[in-house]
Each structure stands twice: as structure tokens, then as C-alpha cells.
Amino acid sequence: MHHPVPVAALDVRGLRKQFDRPAVDGLDLTVRRGEFYGLLGPNGAGKTTTLRMVAGLLKPDAGSISVFGIDALTDPVEAKRITAWVSDEPMIYDKLTPYEYLEFVSGLWSIDAGEAEQRANDLIGWLGLAPHAHERCEGFSKGMRQKVALAGALVHDPMLIILDEPLTGLDAGSARQVKNVLRERVAAGGTVIMTTHILEVAERMADRIGVIAGGRLIAQGTLDELRIKAGKGDSSLEDTFLTLVAEQVQAA
Amino acid sequence: MLTAGKRHRTRVVVLAIAAFAVLMHFIALAVVGNFASIEPDTDRGTLVVITGCALLAWSLMMSQAMEQVTRAFYARSDLDLILSSPMASRRVFAVRIGAIAASTVMMAVLLAAPFINVLTWRGGARWLAAYGVVAAIGAVAAAMSVALTVALFRAIGPKRTRLAAQIVAAIVGATFVIGLQVAAILSYGTLSYFSFLKSEALVAYVPALQSFVWWPAHAVLGDLHALAAVVSMGALLLGAAIAVFSTRFGEHAMAAAGISDAGALQNPRQGFRRLSPRSTLRQKEWTLLARDPWLASQTLMQLLYLLPPGLMLWRAFGANSSDVVLLVPVLVMAAGQLAGGLAWLAISGEDAPDLVATAPVPASFIIRAKSEAVIGSVAVVFAPFVAAMALVSLRDAVMAAAGIVVSAVSATLIQLWFRTQARRKHFRRRQTSSRIATFAEAFSSIAWAATAGLAAAGHWQTAFTAITAVGILIGARAVSPKGP
């Protein structure tokens, strides 16, 4: 009996990007459908550069990027249609309200107005933005701005959600709301790739974790698989991560 | 080697400044060279013109000083440090008011220097007294701007003062010029305010020669008693402003720092609109433009400058006046300037660049939609003027419309070629982020204005100005930064 090969949510092969020095150096990465993938690495490891290339914000020097089987370099518009990007610095419009912002995003992604409005109202409710839905964003705190940005990323119902340090600067309540919404997306079949420096979050939320250092993927797997690779037994992700990075530094 | 490079750059900058200073002196020679022989005991007509020029300088200095005072109130950069330091904040703010006056005076002196130097060279050292008058006018402008801003604070509170002060500064800067132009148009049908200042009708109404009103004019002409009075008055007013307002300055700065940043509530709309991605982008740009208070004040100022041409159109209507052709370059120039500002906001001042760049639409599509939003806004502002012009002269209206479109498109293209990534709130910095873009935009507007004006007047020289305008665009494109 023939089983079709499942298409990965993200398949990156031989990805390279050089600025003053190589930022991403022949990276191979595969993220499965419906998984929560945590991408870890020290500062300057190439995490953000990698994800910006996947999101279509940077052009790679070499390599290939496939999003649900779509070649993101030759057909970026179709790849973008099913992808969402949230950066650590929420970029929203101060003079628009959250409701207007979501309407704008829905229009850009050509989502049916009725369907988009329903999703927007749901997201505004889930993220606790309802009391401020018709207030201009100019006075919002970092946490509220991040929630508006996240709602914008989810309103077009993307299959792949890429988040770069989305919890930076959020208070405990806001961080929990964001994590809950992301968990629900994965439970509903969505795929999430998230970079974070908060290792506890990766430990608790990620199905699999990838560790990048020096622009390359140095380890990948579940937490247990990473522990075995690092030879750390029952140790925490923090110990495992530091051991893996230290090994890479020594090898380099 | 590094030092050599720095030295070379310094030499280039010094040479450029020297060349500019020489050029300004030549211009000054052409403008005021023939007036150097005017004696202190001159007629009232001459005193009216000198006083008018002094008032013009005062209105511009006042506008500049008000902007600085507002910035000092609302910029939080060093406020925490000042207020938490053991130094008396009253003293710090006294120095700050003095610094505002000094920078206002410095700027005015720099602008006036070529004219005063030429007058001194041609008419003798007595003209040096004009420097004192400029300094006194600057001091008065700084004192009045502090008083006016504090009065606004007390009248409408810190939250509204920021916008109100910006609008008042813009209006104060424009009112005197525009007022004179309006008076000139109503009296003589021309855009020149000198024609009104020199008119017998005005001279007949002004005070006698001995009146204190003419002290600044007498002081400019070298009357040392008048100079002493004018300088003393300026120093007295500035000193009083520092003494009275330095304490309150600190209180108001603290009040400004403590205002709530809560965003305004918008009326909820029922349901999302069904818009295409292009309409969505255009709609977003228009909404952001409409809700931008600083931009609103700038646009208001542009519209204020269009008031005299509008008035001229109204007077020309029915009279079949050939003066209407004078409006063509005015409108074309204004359209280029407005389009440049709007294009910067739409293209460079994108507050969510990642969102727009990750949208499933080609980059060219986004640029086209944003450019359409800019040209559409310019069209809305200028269409009534072109329509009114068509009622007087269809040919001139066609020339004006063509000039407005070409000038606006050129300014938009220049902003596109020199685009940077910035926040909308950094709109002020657009003129310093790329000086080449700023000059290219200004010269392109001027060249297209001249082209449209000459074409409307039926002059064959229009070909030269059109070629110059196209040359400016080609040059700007050639030196613009190229993508990676």
C-alpha cells in the first residue's frame, strides 16, 4: 500500500545569508505540520535572520525554502498567503484602533469581510482587548501592542505562524494569554515556530526544539532527545542548551 | 589616512559654506544694493517698507521660537535628569529660555547678514545697527512665544497645547505674509506685498514720522538713540519673560510629561468593509493622514498659502484677467511640496513595514497603491483651484492641472528613490535624512512650476525649464541609493 509522503510545514535546505560575516551558514531545518517548534540559540546565532528569510523579509544568498510544499523564493505571494510573522517589536499603526487594524490586515490578505470580522471579534475577546477595541493604539502598553500584532497575525488564519521573541517585555497575564492562544492554534492543526530566550517557555510549549549556533542547526529534537545528545540525563533545558552551545563553541 | 579623509571632508564643507555665503551676498547686492544710500531722516513710505520687513522677520522668528518652546515642554529627553538633580529647576529653565532666544537670534542674524553686510559696504558703518535690531526682534519673538505658549497651557491644558501651539506657530509664521498678499490683491490685484507697503493709500494712514512705531526702522537706518531704545526693549521683554516664566516653565514641563497617552476613541463602525488589497492600502494611508495632527497643521499652512491665489482667482473671475496665469506656478509649486511630504509619510513613514512586506501582494503593488493615495490626496486639495481657474481660463487650468500632476508625481518618485525606514513621528527628520532628496524635491517643484508658468504664458523658454526638471529627476535617480 502506498502512503503519500507528508509535506512538511517548513523545509529549509542549505540556507545562507552573509552580512559582514556569515549570519546563516548552510542551515537545514524541517518543521512538521501541526507542531510547536521552539528555535533557540545565543544572541547573534542567526535565528531572526533565518526566520526573516522564511517570512520573505530578507532574500537569502543561497538555499531553498518550502512552506507547505510552496517554493517561497519563486512563489513568495502564495507562501505569504498561508504564513504569519510576528516580531519582538510589535509594529502596528498608532492612529488605528485594534478593530481597524484587523480590518486592514484582513483586506490585505483578501479575507471575506464577514468571516474576517467574526475572527477579529473572537481574537479581540480571547486576547482581552475588547475594552480597547475601538481605542487608538497610540497609548497602548507594549503587552497590548504585542497582542494586537498577534491578533493581526492570526486574523487571516495562517497555516504557519512564525514568532520572533513574542513574549519579550510582556507581563505574566499578557504572556499567558498569548501562550494560550498559540496552544489553541496548534491544537486546531496550525504550525508554530517560535524563537525565545525564555527557555522555560520552550520547555513547556514546544513539541520539538532546534538549537542554532553560528548560523547552523547544531541540535534538534524533543527535550529528551536533546538531553541524550548533550549527555545530561534529567537536567533542565537550560543546562542542556548551555552544554550544546558550549560544545559548538569548542568545536569552532 | 583616516585623518586625511576627515580633513578633506572639512575642507569641502568649508568651501561649500564659503561659496554659499558669496552667492547670498551677490543675491543681497541685487536685492538691496540700491537702497544703501537711504538716510535716517527718510520719508514715511520707506519707513513703512522697512517696518513691514521687520514685522515679516518677527513673524517668522516667532513661529520658529514657538516650535522650540513647544519642543522644550514636550521633549522628555533630559527632563527626568533635570528635575531629579539638586539644581534649582528655575535656573535650568531660565537658561533654556535664553538658549531658545539665542538660537532664534542666531538663525535670523545668519539670514540677514548678507543683506546687512552689503548695505554696510555700500552705505557705511551705520547699517551695522541693523544687527542690533535683528537681535532685539529675536529677543521679543522668544519672549512672546514663551508667554503665548504658557497662556495656551493655562487656557486649554497640556494635552491640547501641543497641537494648538504647532498650529498657532504655523499660522503666525504665515499670517503676516499672507495678510500682506491678501491686502495687495484686494488693492492692486497682484501677489506682491511690496506693492501694498509702498502704496499711497497705506502711507496716508500710518502714524507721523516722530511716532515710536518707527523706532525699529530708524534704528536699522543707523539712528543710535532709536537703536538703544529697541535693543533695551528687546532685552527687557526677554528678561521679564525669563523672570516670570522660568518657574512656570518647569511646572508646565512636568504637567506635559504627566499627560495620559491614552488614544482617542473612534466611533465603532458596523462590520468590516469589502475592499480589495489596493483599496485597503489606500484607505489606510488616508485614515492615517487624516488622523495626524502635525500633518494637519502642515496641510493647513499649505492651504493658508493657497488663500491669496484663491482670492486672486475670485477677483479675476468675470474680469477675464490675464493675471490668472501668475497662479499656475504657485499651484504647481505647492502641489510638489505637499506631494513630497505626503509621499514620505506613505512610503518611508510606514509604521508596520514587516506586516506590509509579508502580505501576499507584490512589492510593486504596494508602492503603486501608496503612490495613488498620495496623488489622490493632492488631487482633492488642488481640484477646486483648477476648477475655479477653468471658469476664468480653460487653457491656464489645463496647464495648471498638468503641472500639478507632473510636479506631484516627480516629488513622489524622488521620495520613492530615496526611501528609508522611519516612523511617521519622525516626519521632521525627513529633510535632514537625505539632503539630496530634499534639494531634488524642491528644485524639481520649482522647475515644474516655472515650466507650467512659462507654458501658460506662451513662452518658448518652457522647453529649457522642462529639460532642467527632467535633468533633476535623472540626476536624483542616478545618485539615489540602489537596493541590495
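Suppose every K and R has +1 on its Cβ and every D and E has -1 on its Cβ; what is the size of the dipole of the stretch A:4-44 about the Cα centre, in Debye to the nearest 20? Could you put the intermediate results ahead of the total?
Details: 6 positive and 5 negative charges, 14 e Å.
Taking the Cα centre of the stretch A:4-44 as origin, the dipole is about 60 debye.
For the pairs A:Lys147/A:Lys229; A:Lys80/A:Lys229; A:Lys47/B:Lys159; A:Lys179/B:Lys370; A:Lys17/A:Lys229; A:Lys17/A:Lys80, flag any whose C-alpha to C-alpha distance is greater than 32 Å. Provide the component values of the computation, followed by the final result.
On the way: A:Lys147/A:Lys229 36 Å; A:Lys80/A:Lys229 35 Å; A:Lys47/B:Lys159 42 Å; A:Lys179/B:Lys370 35 Å; A:Lys17/A:Lys229 28 Å; A:Lys17/A:Lys80 20 Å.
A:Lys147/A:Lys229; A:Lys80/A:Lys229; A:Lys47/B:Lys159; A:Lys179/B:Lys370, as the Cα separations exceed 32 Å there.
Think of the protein assembly as shown as a dipole: +1 on every Lys or Arg Cβ, -1 on every Asp or Glu Cβ, centred on the Cα centre; then among A:Pro166, A:Val201, B:Phe176, B:Phe176 lies furthest on the positive end.
What length, rounded to one decimal in nm, is gained on full extension from A:Asp157 through to A:Asp224, with 0.36 nm per residue of separation minus their alpha-carbon distance? Difference between extended and current length: 21.0 nm. Here chain A carries DSSP beta bridges of which approximately 55% are antiparallel, counting only pairs with both residues inside. In chain A, with Lys and Arg counted as +1 and Asp and Glu as -1 at Cβ, which of these residues, A:Gly128, A:Phe140, A:Leu73, has the Cα nearest the positive end of the dipole, that is, farthest along it? Final value for the positive-end residue is A:Leu73.
The relative contact order of chain A comes to 25 percent, based on Cα pairs under 8 Å that sit 6 or more residues apart.
May I ask you to derive the FRET efficiency for B:Val95 and B:Arg477 from their Cβ-Cβ distance with R0 = 30 Å, giving the value to the nearest 0.05? Can you show the working numbers first?
Numbers: r = 47 Å, r/R0 = 1.56.
In this case the efficiency is close to 0.05.
Each residue of the stretch B:272-287 is assigned a 3J(HN,Hα), and the resulting list reads 6, 7, 8, 10, 6, x, 5, 5, 4, 5, 4, 4, 4, 4, 5, 4 Hz, derived from the Karplus form 6.51 cos²θ - 1.76 cosθ + 1.60 (θ = phi - 60°), x at Gly and Pro. DSSP beta bridges confined to the protein assembly as shown are antiparallel in about 55 percent of cases.
Let me spell out the model: positive unit charges on the Cβ of Lys and Arg, negative unit charges on the Cβ of Asp and Glu, origin at the Cα centre of the stretch A:48-179. What dipole size does that give, in debye rounded to 20? Don't skip to the answer; put the middle values down first.
Numbers: 12 positive and 19 negative charges, 58 e Å.
For the stretch A:48-179, the charge dipole is close to 280 debye.
If R0 is taken as 22 Å, the Cβ-Cβ distance between B:Glu200 and B:Ser37 corresponds to a FRET efficiency of 0.45. Each Lys and Arg contributes +1 and each Asp and Glu -1, all at the Cβ; summed about the Cα centre of the stretch A:179-241, the dipole is approximately 220 debye. The mean number of partner chain beta-carbon atoms within 10 angstrom of a residue's beta-carbon across peptide A:82-94 is 4.
Within a Cβ distance under 12 Å of B:Leu416, other residues only, what is the Lys/Arg minus Asp/Glu net charge? Mind dumping the intermediate values first?
Details: positive: B:Arg368, B:Lys370, B:Arg419, B:Arg477; negative: B:Glu441.
Overall, the nearby charge balance is +3.
Taking a ≥ b ≥ c as the square roots of the Cα gyration tensor eigenvalues, the stretch A:1-125 comes out oblate, since a/c reaches at least 1.5 and a/b does not exceed b/c.
Quick note: the coordinates plus some simple rules give every number you see, no bench work behind them. The model shown is predicted, which means the values in this text are computed figures rather than measured ones. A quick note on method: Cβ atoms are made from the backbone with ideal geometry, for glycine too, and the neighbour counts reach across all protein chains shown.
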